[in-house]
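Undergrad: What follows is a single structure, and I will ask about it in a moment.
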Amino acid sequence: MVELKGKNIVITGGTTGIGYEVVKRLDRENTLFVIAGNRHRLDALQREFPRVLICEADLAEAAAIETAVGMIQSNFERVDLLINNAAVQHTPRFTDPDFDHASIEREITVNFTSVCRLTACLLPYLIAEDRASAIVNVNSGLALAPKTDSAVYCATKAALDVFTRSLRYQLAATNVAVYQAFMPLVDTPMTEGRGSGKMSAATAANHLLNGVARGIEDHYIGKAKMLRLLITLTPWLARRIMRGS
Ligand SMILES: NC(=O)c1ccc[n+]([C@@H]2O[C@H](COP(=O)([O-])OP(=O)(O)OC[C@H]3O[C@@H](n4cnc5c(N)ncnc54)[C@H](OP(=O)(O)O)[C@@H]3O)[C@@H](O)[C@H]2O)c1
């Protein structure tokens, strides 16, 4: 459990969607370090929140992550909260004639490998004897049951679930709590033009942060909570519904 006041917080993908709403909620009472790929959106974020520290880095590149970590080191003596939020989702199917093979590696690297890398690099700044700190991985209901489109995205989120749980075991004897938030469909640029009945990004961010404040390890939000229940009771039905979602 981490009280979200006076903290040094690193968040990836804080320029749009859920991440942006998290920044909006945390900026006033904390010091934020935001990593994202698009310079213009980062500049706009800094104009809106002048106290935020921004870092342009493509999380698909290991060298860019190292540079970002260097900047974090020069700004923060300690990190209290790492929010691994950035991700991309490619919807074309493998059977589509224009399926882009290069997207496979990029999607896996941004959504999964970069989370592992950044976590490993920042652990020395999270681990301490005299305070509580936490890592939050932003996950998806699709980690529990995949849909037909976005096969690679679903697989990266399932990998993120397993990674989160195993890392939690590794850090059990330390001050670092390891959380994950399973999001339902949320109205953000990632889901623009598709889906219905979406949760707003502001509501999703509120749930995410309430989960951290309450110390909920695996936080199933909105319809992701129903999905989890359905998978426990009737896994075949849950998979059938999600297949066509
Ligand atoms: N929206 C949903 O329905 C939904 C559902 C379940 C889970 N989630 C999860 O929620 C999280 C946030 O998603 P969202 O919907 O808010 O997405 P979003 O609005 O598309 O935002 C994604 C953020 O990630 C950053 N980003 C993407 N690729 C990057 C890269 N290579 N390097 C650095 N930053 C990068 C983007 O910044 P730049 O464009 O500037 O790089 C942006 O700030 C993700 O982990 C997503 O998987 C979303």
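The values are calculated or read from the model by the stated rules, or taken from the named source; none is laboratory data. Note that the structure is predicted; figures quoted are calculated from it, not measured. Here the Cβ positions follow ideal geometry from the backbone for every residue, glycine too, while neighbour counts run over all protein chains shown.
Undergrad: Suppose the filter is in a helix (DSSP H, G or I) and away from the ligand (no atom under 13 Å from the Cβ); does Ile104 pass it?
TA: Values: in a helix (DSSP H, G or I): yes; away from the ligand (no atom under 13 Å from the Cβ): yes.
Considered against the rule, which asks whether it is in a helix (DSSP H, G or I) and away from the ligand (no atom under 13 Å from the Cβ), Ile104 comes out as yes.
Undergrad: If you don't mind, there's one more thing I want to ask. Report the residue count in region 209-245 for those that are part of a helix (DSSP H, G or I) and within 20 Å of Cys154 (Cβ to Cβ). Let's see the steps before the verdict.
TA: Initially, region 209-245 is screened for residues part of a helix (DSSP H, G or I), giving 209-214, 223-233, 235-243.
Going one step further and asking which of them are within 20 Å of Cys154 (Cβ to Cβ), we end up with 223-232, 235-243.
Summing the residues that are part of a helix (DSSP H, G or I) and within 20 Å of Cys154 (Cβ to Cβ) in region 209-245 gives 19.
Undergrad: Scan region 146-175 for residues that are surrounded by fewer than 21 Cβ atoms within 10 Å (Cβ to Cβ) and over 16 Å from Glu217 (Cβ atoms) and report the count. Reasoning before the result, please.
TA: If we filter region 146-175 for residues that are surrounded by fewer than 21 Cβ atoms within 10 Å (Cβ to Cβ), which is where we start, we get 146-152, 155, 158-159, 161-163, 165-175.
Cutting the leftovers down to over 16 Å from Glu217 (Cβ atoms) gives us 146-152, 155, 158-159.
Residues that pass the stated criteria total 10.
Undergrad: So, one more: Could you tell me which of the residues Leu4, Leu32, Leu118 is part of a strand (DSSP E or B) and more than 9 Å from the ligand (Cβ to nearest atom)?
TA: Working: Leu4 fails: part of a strand (DSSP E or B); Leu118 fails: part of a strand (DSSP E or B).
Among Leu4, Leu32, Leu118, only Leu32 is part of a strand (DSSP E or B) and more than 9 Å from the ligand (Cβ to nearest atom).
Undergrad: Would you pick out the residues in region 140-192 that are outside any helix (DSSP H, G or I), within 12 Å of the ligand (Cβ to nearest atom) and not aliphatic (A, V, I, L, M)?
TA: To start, the set of residues in region 140-192 that are outside any helix (DSSP H, G or I) comprises 140, 144-150, 171-188, 192.
Retained after the next criterion (residues that are within 12 Å of the ligand (Cβ to nearest atom)): 140, 144, 147, 150, 180-188, 192.
The answer is Ser140, Lys147, Ser150, Gln180, Phe182, Pro184, Asp187, Thr188, Glu192.
Undergrad: Search region 81-99 for residues that are in contact (Cβ under 8 Å) with a residue 40 or more places away in the chain and pair each with any residue that is among the charged types (D, E, K, R) and part of a loop (DSSP other than H, G, I, E, B) when their beta-carbon atoms are under 6 Å apart and the residues are at least 6 apart or on different chains.
TA: Leu81/Lys7; Thr91/Asp149
Undergrad: May I pose another question? Could you go through region 193-200 and let me know if any residue there is at pLDDT 95 or above and surrounded by fewer than 18 Cβ atoms within 10 Å (Cβ to Cβ).
TA: Of all residues in region 193-200, those at pLDDT 95 or above come to 198-200.
Filter once more, so that each one left must be surrounded by fewer than 18 Cβ atoms within 10 Å (Cβ to Cβ): 198, 200.
Looking for residues that are at pLDDT 95 or above and surrounded by fewer than 18 Cβ atoms within 10 Å (Cβ to Cβ), one finds at least one in region 193-200, hence yes.
Undergrad: For region 194-221, how many residues meet the condition of being closer than 22 Å to Val178 by Cβ and either touching a residue at least 12 places away in the same chain (Cβ under 8 Å) or within 14 Å of the ligand (Cβ to nearest atom) (or both)? Break it down into steps so the answer makes sense when it comes.
TA: The first filter runs over region 194-221 and keeps only residues closer than 22 Å to Val178 by Cβ, leaving 204-221.
Filter again for either touching a residue at least 12 places away in the same chain (Cβ under 8 Å) or within 14 Å of the ligand (Cβ to nearest atom) (or both), leaving 204-209, 211-221.
Of the residues in region 194-221, 17 are closer than 22 Å to Val178 by Cβ and either touching a residue at least 12 places away in the same chain (Cβ under 8 Å) or within 14 Å of the ligand (Cβ to nearest atom) (or both).
Undergrad: Could you tell me whether Ala86 is aliphatic (A, V, I, L, M) and over 22 Å from Asn75 (Cα atoms)?
TA: So Ala86 does not fit the description; no.
Undergrad: Let me ask something else. Say whether the condition of being farther than 22 Å from Ile65 by Cβ, in contact with a strand residue (DSSP E or B) (Cβ under 7 Å, 6 or more places away or on another chain) and in contact (Cβ under 8 Å) with a residue 60 or more places away in the chain is met by at least one residue in region 147-166. Full working, then the answer.
TA: First, pick out the residues of region 147-166 that are farther than 22 Å from Ile65 by Cβ: 147-151, 154, 158, 165.
Narrowing further to those that are in contact with a strand residue (DSSP E or B) (Cβ under 7 Å, 6 or more places away or on another chain): none.
Within region 147-166 (the criterion being farther than 22 Å from Ile65 by Cβ, in contact with a strand residue (DSSP E or B) (Cβ under 7 Å, 6 or more places away or on another chain) and in contact (Cβ under 8 Å) with a residue 60 or more places away in the chain), the answer is no, since none of the residues qualifies.
Undergrad: Now, a different point. Select from region 67-99 the residues that are more than 12 Å from the ligand (Cβ to nearest atom), within 16 Å of Lys7 (Cα to Cα) and aliphatic (A, V, I, L, M) and write down the one among them that is surrounded by the most Cβ atoms within 10 Å (Cβ to Cβ).
TA: The residue in question is Leu82.
Undergrad: Among the residues of region 9-19, is any under 13 Å from the mean Cα position of the chain (by Cα), assigned to a strand (DSSP E or B) and of a type in the set (Ser, Thr, Tyr)?
TA: Yes: region 9-19 contains one or more residues that are under 13 Å from the mean Cα position of the chain (by Cα), assigned to a strand (DSSP E or B) and of a type in the set (Ser, Thr, Tyr).
Undergrad: Oh, and also: Output the residue which, of all residues in region 121-130 that are away from the ligand (no atom under 16 Å from the Cβ) and closer than 23 Å to Gly70 by Cβ, is farthest from the chain's Cα centre (by Cα). Step through it out loud before you land on a result.
TA: Looking only at region 121-130, we keep the residues that are away from the ligand (no atom under 16 Å from the Cβ), and these are 123-130.
Add one more test, that the residue is closer than 23 Å to Gly70 by Cβ, and what stays is 123-128.
Numbers: Leu123: 17, Pro124: 20, Tyr125: 19, Leu126: 17, Ile127: 20, Ala128: 23 Å.
Filtering region 121-130 for residues that are away from the ligand (no atom under 16 Å from the Cβ) and closer than 23 Å to Gly70 by Cβ, the one farthest from the chain's Cα centre (by Cα) comes out as Ala128.
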